Amino acid sequence: AASDLDPYVTPQLLDLGDAFVDFNRQSSKALDLLHGRTVVNLFFENSTRTSSSFEIAAKRLGADVVTMPVASSSVKKGETLIDTAVTLNAMKPDILVIRHSASGAAELLSQKVGCAVVNAGDGRHEHPTQALLDLLSMRRAFGDVTSLTVAICGDITHSRVARSNVALLQMMGARVRLIGPPTLVPGDADRWGCEVFHDMREGLKGCDVVMMLRLQLERMAGALVPSTREYFRFWGLDREKLAWANPGARVMHPGPMNRGVEIDSDVADDLDVSLIQDQVEMGVAARMAVLASLSARWGDAR
Ligand code: CP
């Protein structure tokens, strides 16, 4: 989890990520830090960015990569998460990258298998590599993150991205605000060490970064879901609302975006303000940094 990282390791991971960003911009991108190592991607929830960037990251470091097609695996015949992981573990992978809808799934697996486990998102709990790539994007855009005020806006309650970002941003000295409707901000959010706002105009005043979140409908079974039009009117980021933030404020979104719901295309696609495509690029570099740091831990980096 991002909350398990410490203030000494995190800047080292960011420095490594920075180096990989430059490396990835070269035409030839092959390293052998993970040569002879096997990485298994096990995604029980849908993913575009995280799954593909972990696969690309591992391949660029020279690993053998297996991306398990969960939809056509024996999970569909009723095999449990733990049985699946223990089965894969018997094939002696070195790293298991897991995404699962259950909070705590990665932690649970790490107690059952002999290889390293990397959390690629567990329920509403954490998405640590997302927070790392977000921090890398902010650091490259602003230089110093300690003076930043970052607003995380929208569906905070169901967001693992919010939880990981709060932990990592606060650890690095940034101020974090949570902005959203009372129904989508956890009741204990004031204990997260953030300022909480239920009004976009008030909350965005003085912010340098506006991080928008999707309505995570897949975690809202039975809840009262706002209409798209009503939600966009009060909480969707457009030019008018962005003008309430500091001049030069940058816009972020972990993706996938729902255009016209939490964000307007006009803002999302404006490369002078939007860091969204940078975030995707940083995703590969940040995940290379995480995987490479595991190779250093084995003590046989080549
Ligand atoms: N940000 C993120 O986790 O995106 P994916 O669901 O596409 O992996």
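At what distance in angstrom do the alpha carbon centres of the stretch 133-199 and the stretch 234-302 lie from each other?
13
Can you give the angle from 0 to 90° between the axis of helix 160-171 and the longest principal axis of the chain, with both taken from C-alpha atoms, to the nearest 10?
Helix 160-171 sits at roughly 80 degrees to that axis.
Mind checking which lysines have their Cα closer than 21 Å to the Cα of LYS59? Skip sequence neighbours fewer than 8 apart in that chain.
Of all the lysines, those that pass the test against LYS59 - Cα under 21 Å, at least 8 places apart if same chain - are LYS29, LYS92.
Once the Cα gyration tensor of the chain is diagonalised, what are the square roots of 5 times its eigenvalues, in whole Å and ordered largest first, as equivalent ellipsoid semi-axes?
32, 23, 17
Taking the Cβ of THR157 as the centre, find all other residues whose Cβ is under 15 Å away and add up their charges (Lys, Arg: +1; Asp, Glu: -1).
Residues near THR157 contribute 0 overall.
With every protein chain kept in place and ligands, DNA and RNA left out, what is the accessible area per residue of the stretch 118-255? Probe 1.4 Å, answer in Å².
Accessible area per residue: 39 Å².
What percentage of the solvent-accessible surface of the stretch 1-84, computed with a 1.4 Å probe over protein heavy atoms, is contributed by carbon and sulfur atoms?
Roughly 51 percent, rounded to a whole number.
Where both residues lie in the stretch 7-156, what percent of DSSP beta bridges are antiparallel, nearest 5?
Taking every DSSP beta bridge within the stretch 7-156, about 5 percent pair in antiparallel fashion.
If I compute solvent accessible area with a 1.4 Å probe over the protein chains, what percent of it on the stretch 180-302 is carbon and sulfur?
Carbon-and-sulfur percentage of accessible area, whole number: 51.
From the helices alone, meaning DSSP H stretches of at least four residues, give me the mean residue ellipticity at 222 nm for the chain, per-run term -39500 (n - 2.57), in deg cm²/dmol to the nearest 500.
That comes out to -11000 deg cm²/dmol.
Go ahead and run the numbers for FRET between ASP6 and ASP144, Cβ-Cβ distance against an R0 of 22 Å, rounding to 0.05.
0.65
In the stretch 1-97, which chymotrypsin sites (Phe, Trp or Tyr not before Pro) are in a loop and have at most 16 other Cβ atoms within 10 Å, using DSSP for the loop call?
Answer in residue order: TYR8.
Return, ordered by residue number, the residues of the stretch 219-253 whose backbone nitrogen is under 15 Å from a label point located 7 Å along Cα→Cβ of ASP199.
Zone members listed by number: 234-235, 244-245.
Compute log10 of I(q)/I(0) for the stretch 96-141 with the Debye formula, placing one identical point scatterer on every Cα and leaving out solvent, at q = 0.15, 0.20, 0.21, 0.29 Å⁻¹, to two decimals.
Reported log10 I(q)/I(0), two decimals: -0.42, -0.63, -0.67, -0.96.
For the stretch 1-97, state which trypsin sites (Lys or Arg not before Pro) are in a DSSP loop and have at most 12 other beta carbons lying within 10 Å of their beta carbon.
ARG25
For a quick check of your reading of the filter: which GluC sites (Glu not before Pro) in the stretch 1-99 sit in a DSSP loop and have no more than 15 other Cβ atoms within 10 Å?
When the GluC sites (Glu not before Pro) of the stretch 1-99 are filtered for loop state and at most 15 Cβ neighbours within 10 Å, GLU79 remain.
The values are calculated or read from the model by the stated rules, or taken from the named source; none is laboratory data. All values reported here derive from a predicted model rather than from experimental measurement. Here the Cβ is made from the backbone with ideal geometry for all residues, glycine too, and neighbour counts use every protein chain on show. For accessibility, only protein heavy atoms count, side chains too; no ligands or nucleic acids. Shrake-Rupley method; radii C 1.70, N 1.55, O 1.52, S 1.80 Å.
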